[in-house]
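Trainee: Sharing a structure below in structure tokens format, with a few things to ask.
The values are calculated or read from the model by the stated rules, or taken from the named source; none is laboratory data. It should be emphasised that the depicted structure is a prediction, and the values quoted were computed from it without experimental measurement. Here the Cβ positions follow ideal geometry from the backbone for every residue, glycine too, while neighbour counts run over all protein chains shown.
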């Protein structure tokens, strides 16, 4: 029995290590859930416990990853909105966001193309690029996106829906 617990602890450490190493992979939740399920099923000698733990771990890891990615997307949008709010029509500026974990950092250029007022708020439309190292290495231009930002009670905020492109992944 003591040996099984030691094996379970080792499996959990391996699962966490895999999650860290594969953090850029979309199947992290599935792999982590499978490892946790096998480990707990082995430790308890019950396949039902293994399946239940595996499903629970997979759901928890998946939700956590999506939460972090949503926060990073919101930080990126807030950075671009702040820049656009302080710019004049026609003006260009570089933008950049760096996260605590060096993954998902972004940079590019933003240009204000139009300013307009609505009955609810002053707004600006901007075109921004997101630098893609792989695309640039192949000689392709950085993709460009159009967004609208509006001034609210707490400064300039992203007013457009998420761009419907693969870059935003599950955040659409």
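Trainee: Given the structure, is residue 138 under 21 Å from the mean Cα position of the chain (by Cα) and modelled with pLDDT under 90? Lay out the reasoning, then the answer.
Mentor: Numbers: under 21 Å from the mean Cα position of the chain (by Cα): no; modelled with pLDDT under 90: yes.
Criteria not met by residue 138.
Trainee: Let me ask you something else. Within the set of pairs 6+ apart or on separate chains, which have a first residue in segment 83-99 that is assigned by TED's automatic domain parsing to the domain that holds residue 122 and in contact (Cβ under 8 Å) with a residue 12 or more places away in the chain, a second that is assigned to a loop (DSSP other than H, G, I, E, B) and surrounded by 15 or more Cβ atoms within 10 Å (Cβ to Cβ), and C-beta atoms under 8 Å apart?
Mentor: 93/87
Trainee: On to the next question. List the number of the failed condition for residue 109; all other conditions in (1) modelled with pLDDT under 90; (2) outside any loop (DSSP other than H, G, I, E, B) hold.
Mentor: (1)
Trainee: Follow-up question, since we're still on this one. Anything in segment 105-122 that is touching a residue at least 12 places away in the same chain (Cβ under 8 Å), surrounded by fewer than 18 Cβ atoms within 10 Å (Cβ to Cβ) and within 18 Å of residue 151 (Cβ to Cβ)? List them, or say none.
Mentor: Hits for segment 105-122 are 113, 114, 115, 118, 120, 121, 122.
Trainee: Okay, next question. Return the residue satisfying two criteria in turn: it lies in segment 123-132 and is assigned to a strand (DSSP E or B) and either outside the structural domain of residue 94 (by TED's automatic domain parsing) or touching a helix residue (DSSP H, G or I) at 6+ places or on another chain (Cβ under 9 Å) (or both), and of such residues it is nearest to residue 150 (Cα to Cα). Full working, then the answer.
Mentor: Step one: list which residues in segment 123-132 are assigned to a strand (DSSP E or B), which gives 123-129.
Next, only the ones that are either outside the structural domain of residue 94 (by TED's automatic domain parsing) or touching a helix residue (DSSP H, G or I) at 6+ places or on another chain (Cβ under 9 Å) (or both) stay: 124-126, 128.
Values: 124: 6, 125: 9, 126: 11, 128: 16 Å.
It comes out as 124.
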